[in-house]
1. Return a yes/no flag: does segment A:144-165 have any residue that is in contact with a strand residue (DSSP E or B) (Cβ under 6 Å, 6 or more places away or on another chain), surrounded by 20 or more Cβ atoms within 10 Å (Cβ to Cβ) and facing chain B (nearest Cβ under 9 Å).
2. For segment A:66-106, enumerate the residues that are part of a loop (DSSP other than H, G, I, E, B) and more than 29 Å from residue A:205 (Cβ to Cβ).
3. Looking at segment B:82-97, which of the residues that are part of a strand (DSSP E or B) and modelled with pLDDT under 95 is farthest from residue B:180 (Cα to Cα)?
4. On the basis of being more than 38 Å from the chain's Cα centre (by Cα) and either surrounded by 13 or more Cβ atoms within 10 Å (Cβ to Cβ) or at pLDDT 65 or above (or both), does residue A:10 make the cut?
5. Six or more apart or on different chains, Cβ under 8 Å: which pairs go from a residue in segment A:30-44 that's more than 7 Å from chain B (Cβ to nearest Cβ) and surrounded by fewer than 22 Cβ atoms within 10 Å (Cβ to Cβ) to one that's at pLDDT below 80 and not in a strand (DSSP E or B)? Could you list them?
6. Quick one: count up the residues across segment A:107-129 that are in a loop (DSSP other than H, G, I, E, B) and over 17 Å from the mean Cα position of the chain (by Cα).
7. Go through segment B:143-162 and give me each residue that's facing another protein chain (nearest Cβ under 8 Å) and modelled with pLDDT under 95.
8. Consider residue A:202 carefully, then state whether it is at positive phi, free of Cβ contacts under 8 Å to residues at least 60 places away in the same chain and either surrounded by fewer than 20 Cβ atoms within 10 Å (Cβ to Cβ) or out of contact with any strand residue (DSSP E or B) (no Cβ under 6 Å at 6 or more places or on another chain) (or both).
């Protein structure tokens, strides 16, 4: 008899508990809270170190695209030479200045085209995630050149825990402007353009970046077939719009 | 023997009740995993951020308390501490439509939220700015001050875009196709707001932000 009573009490208590838990979960008033969180911040840009000049000309990183293990560094170079630049990469610890354990490698340097006096290209890099590393490239306008440019556009500030894609443009007042127009599926579309010029085949380079980070030049027609110009933003007229910012800050 | 049987029957009943209230068989939520499609600026310090965020209707099919949100953030983004946010969020199980909210992560990494602000409507102006008069960060919907908090910092980096919880191959959630328009910022030393004029971006696999023919507006989308 005693056993039956204990069993009945246990049964009743567990059923009641489960119903209470379910009701709590269903109640909006006691909605379980989940912390909001900004996207993982891995790469801090160093715009002041993204451009270098010497007597041979100038070299400037315009846009970076970063995935775990791979990077694309899109550059604009002004030089009297027409050779494909000779590029080497190195990773140093930001604080100690000591060479990092695992060094990046330049997989290839790809020329993409010419805009005005500038040659635009992309450096394909492989790297290993290491918090604190500054990845730099040294660029010679031709193999064996004594004068080299060195740029160090980003430092890694956190460990990579999820496979995001980071796209980092540099917002200086440079002659060549890089724009990451769209990501559609696993494909990205970038444009490089002479500043202040309207989009046209003569002053714009159109690029497709595939899922494996292969970079393929496109014609303007091919590009605009994939990335149609979107209409200017129109806030939903049903919504309340109360805010009007000033235009671009003239001081950057 | 009878006692054991009774206990087992009780457990079966409990399981049945829980199944009834959790018909999708959703897994426990992945509290630390997220998907994002966000634009950000870290080229200088900011003390104000604004966006007009459109309403969307993202699918939140799995995840015990999964959510999809369209948000602006400002603060110490690299550490993810001392960060304040405002926007709207739709939750899955239990279902809750898009409601405005704000919240913050303090210097210890503790989340304080969500401070619900009512239905998101069709689209709203959201703003966060530091007030040097009282040393607090204030959150606004339209021109209405919705709350404030002191975070121990007076400037930080800015982000805007979509955040979706339960990043997991077994869960299937989505960011709504929502516009973040009229993106603007305020920086120390200047009381005016200026247009963003471009952004860096971070995208989870399957999540995207795309500019809307402007350097001050983008659209988020994506699913996992």
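1. Yes, segment A:144-165 has at least one match.
2. Initial filter on segment A:66-106 (part of a loop (DSSP other than H, G, I, E, B)): A:68-69, A:80-85, A:94-98, A:100-104.
The answer is A:94, A:95, A:96, A:97, A:98, A:100, A:101, A:102, A:103.
3. Of everything passing the filter in segment B:82-97, B:96 is farthest from residue B:180 (Cα to Cα).
4. Working: more than 38 Å from the chain's Cα centre (by Cα): yes; either surrounded by 13 or more Cβ atoms within 10 Å (Cβ to Cβ) or at pLDDT 65 or above (or both): yes.
So residue A:10 passes the test.
5. Note: pairs meeting the criteria are A:30/A:24.
6. As a first pass, look at segment A:107-129 and keep what is in a loop (DSSP other than H, G, I, E, B): A:116-117, A:127-129.
With the extra rule that they be over 17 Å from the mean Cα position of the chain (by Cα), the set shrinks to A:116-117.
Result for segment A:107-129: 2.
7. B:143 - this is the single residue of segment B:143-162 that is facing another protein chain (nearest Cβ under 8 Å) and modelled with pLDDT under 95.
8. So residue A:202 fails the test.
The values are calculated or read from the model by the stated rules, or taken from the named source; none is laboratory data. From a predicted model like this one, the values you see are computed outputs, not experimental measurements. Because the Cβ atoms are built from the backbone with ideal geometry, glycine has one as well, and the counts that use them run over all protein chains shown.
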